[in-house]
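Chemist: Let me give you the structure first, and then I'll get to my questions.
The values are calculated or read from the model by the stated rules, or taken from the named source; none is laboratory data. A quick note: this is a predicted structure, and the numbers were derived from the prediction, not measured. Cβ sites come from the backbone with ideal geometry, for glycine too, and all protein chains shown count toward neighbours. Each accessible area value is taken on the protein alone, full model and side chains, heavy atoms only, with ligands, DNA and RNA left out. Shrake-Rupley method; radii C 1.70, N 1.55, O 1.52, S 1.80 Å.
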Amino acid sequence: MDRAIDSFVFHLQVQRGLSSNTISAYSRSLVCLAAFLRREVGAHAGPGDATRERVEAAMRASRVAPLSRA
């Protein structure tokens with residue numbers, strides 16, 4: 001999963017030329033999604049496990065997660 005995220009982020013940087021803030025936002029979201037999938041599916045979770053239902057569940061979970069106090 002990490003390799004797929006790295007590849008996509010590279011695509012955003014090099015081929016799409018997006019701003020660093022946009023790339024950071026995409027990266028953070030994908031890392032959170034990967035963590036959610038690992039909790040739901042297991043350590044072997046991959047891009048194919050990111051079904052619509054799981055992505056929607058991850059989005060719902062991220063909205064209700066308490067804010068960290070940094």
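Chemist: Just to be sure, is Ala35 out of contact with any helix residue (DSSP H, G or I) (no Cβ under 8 Å at 6 or more places or on another chain), open to solvent by less than 80 Å² (accessible area, probe 1.4 Å), modelled with pLDDT under 95 and within 19 Å of Ser62 (Cα to Cα)? It would help to see each step written out before you state the result.
Modeler: Working: out of contact with any helix residue (DSSP H, G or I) (no Cβ under 8 Å at 6 or more places or on another chain): yes; open to solvent by less than 80 Å² (accessible area, probe 1.4 Å): yes; modelled with pLDDT under 95: no; within 19 Å of Ser62 (Cα to Cα): yes.
Against the criterion (out of contact with any helix residue (DSSP H, G or I) (no Cβ under 8 Å at 6 or more places or on another chain), open to solvent by less than 80 Å² (accessible area, probe 1.4 Å), modelled with pLDDT under 95 and within 19 Å of Ser62 (Cα to Cα)), Ala35 does not qualify.
Chemist: Turning to a different aspect of this structure: For region 42-57, how many residues are touching a helix residue (DSSP H, G or I) at 6+ places or on another chain (Cβ under 7 Å), free of Cβ contacts under 8 Å to residues at least 40 places away in the same chain and in a loop (DSSP other than H, G, I, E, B)?
Modeler: Of the residues in region 42-57, 1 are touching a helix residue (DSSP H, G or I) at 6+ places or on another chain (Cβ under 7 Å), free of Cβ contacts under 8 Å to residues at least 40 places away in the same chain and in a loop (DSSP other than H, G, I, E, B).
Chemist: Additional query: Before we move on, is Phe10 aromatic (Phe, Trp, Tyr), in a helix (DSSP H, G or I) and open to solvent by 80 Å² or more (accessible area, probe 1.4 Å)? Walk me through how you get there before you give the answer.
Modeler: Working: aromatic (Phe, Trp, Tyr): yes; in a helix (DSSP H, G or I): yes; open to solvent by 80 Å² or more (accessible area, probe 1.4 Å): yes.
When the stated conditions are applied, Phe10 passes them.
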